[in-house]
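Written below as structure tokens is the structure these notes are about.
Every read-out reported here was derived from the displayed coordinates using simple, explicitly stated rules and does not represent laboratory data. From a predicted model like this one, the values you see are computed outputs, not experimental measurements. Glycine gets a Cβ as well: all are built from the backbone with ideal geometry, and neighbour counts include every protein chain shown.
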Amino acid sequence: MDNYGTIAMENIHEPVLLEETLASLNCHPGKIYVDGTVGGGGHAFHILKSCPDIRLLVGVDRDEEVLTYARRRLASFKERCFLVKGNYSQIKEILLEVHVESVDGVLLDLGVSSYQLSSASRGFSFLTEGPLDMRMDTDQTLTAAMIVNESSQGRLKTVIREYGEEKWAASIARSIVKTREEAPIRTVRKLAEVVTQAIPVRARPRKIHPATRTFQALRIAVNDELIHLQKALPDVIDILAPGGRIAVISFHSLEDRLVKNTFRGNARQCICPPNIPRCGCGHIRKLRLLTKKPLVPTPEEISRNARSRSARLRVAERL
């Protein structure tokens, strides 16, 4: 245990949109499923419990700490569950390890797990003091502290504006650079303080902490989240067997937009520009949309689990 401590894995919150996810995947006996962001095994546990006769569940996560807990939590399903450390963007290579060519369902629960958010030593949240880390895979070198203390002001502004959709990105980047000239910014609370002070009081959001968007931006940059998602979605669609389903839970607009556009593009027969009189794209429709609008948590779920409030679930089926 480091100086910032950790939390008990048993304190992990319930999986978001659980009933909606189980219904969307529509698991059947003898089939193969993938949980590409297995985390502590919350969704995986209920998938295996709700359909005891599925052939195999492949669980993937790049965080070895949560995989350790998932192995314990899913131990009773070991004959039907294979867990591997990796990134869901490597799904094709991972499936080759278990000699699987196609699957019948894939779940991607994007964003940060409740364990990662609650563990002070991981540096994802400004609610408890901790190092400015934010790595989902602790084997990688790049940390949030490196981005904050080594990036140019222009680069910081771009990251905060594009990944955090923060309109005060220029002011925040300028304040970060000015602060780090005196001493490096090493902790989450110090960064949160710098960000908050960079936003005029009258302009600070009322419903979220002023540093929320900046922390989101840095987390996305540290973990290349959008890049991995952009690579993974076409590969997941390719490995789905006919009738197989892909369910994606996102937590912010950048992810949701990428999922929506990918699903819609693959659900269309033609992707030619509208001004072209005759189709020449040769595009083949691969998906049927099962959610024209994303499924969202009920008020009851939000009251039980605050983390679920921004969750959005989109589902599509392979043709």
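Legend: calculated FRET efficiency, Leu96 to Arg155, from the Cβ-Cβ distance at R0 = 30 Å, rounded to 0.05, equals 0.25.
Among Leu313, Leu218, sorting on how many other beta-carbon atoms sit within 10 Å of each Cβ, with the fewest leading, yields Leu313, Leu218.
Find how many whole Å separate the alpha carbon centroid of the stretch 31-49 from the alpha carbon centroid of the stretch 72-151. After rounding, the separation between the Cα centres reads 14 Å. Over the C-alpha atoms of the stretch 131-223, the Rg to Rh ratio, Rh being the Kirkwood estimate, stands at 0.94.
When the C-alpha to C-alpha distance is required to be over 22 Å, the pairs from Lys85/Lys260; Lys207/Lys231; Lys167/Lys231; Lys31/Lys286; Lys78/Lys286 that qualify are Lys85/Lys260; Lys207/Lys231; Lys167/Lys231; Lys78/Lys286. For the chain, the relative contact order works out to 18 percent when only alpha carbon pairs closer than 8 Å and six or more residues apart are counted. Near Val194: Cβ cut-off under 15 Å, other residues only, Lys/Arg at +1 and Asp/Glu at -1. The net charge is +4. Taking every alpha-carbon pair in the chain and binning the separations at 10 Å intervals from zero gives 6, 25, 32, 23, 12, 3, 0 percent.
Counting beta carbons within 10 Å around each of Val194, Val159 and listing the fewest first gives the order Val194, Val159.
Relative protection proxy for 163-172, 199-208, 102-111, 224-233, from highest mean packing down: 102-111, 163-172, 224-233, 199-208 (other beta-carbon atoms within 10 angstrom).
Could you tell me the calculated FRET efficiency between Ile208 and Thr141, based on Cβ-Cβ distance and R0 = 30 angstrom, to the nearest 0.05?
0.50
Size of the stretch 1-150: Rg and Dmax of its alpha carbons, in Å, are 16.2, 52.
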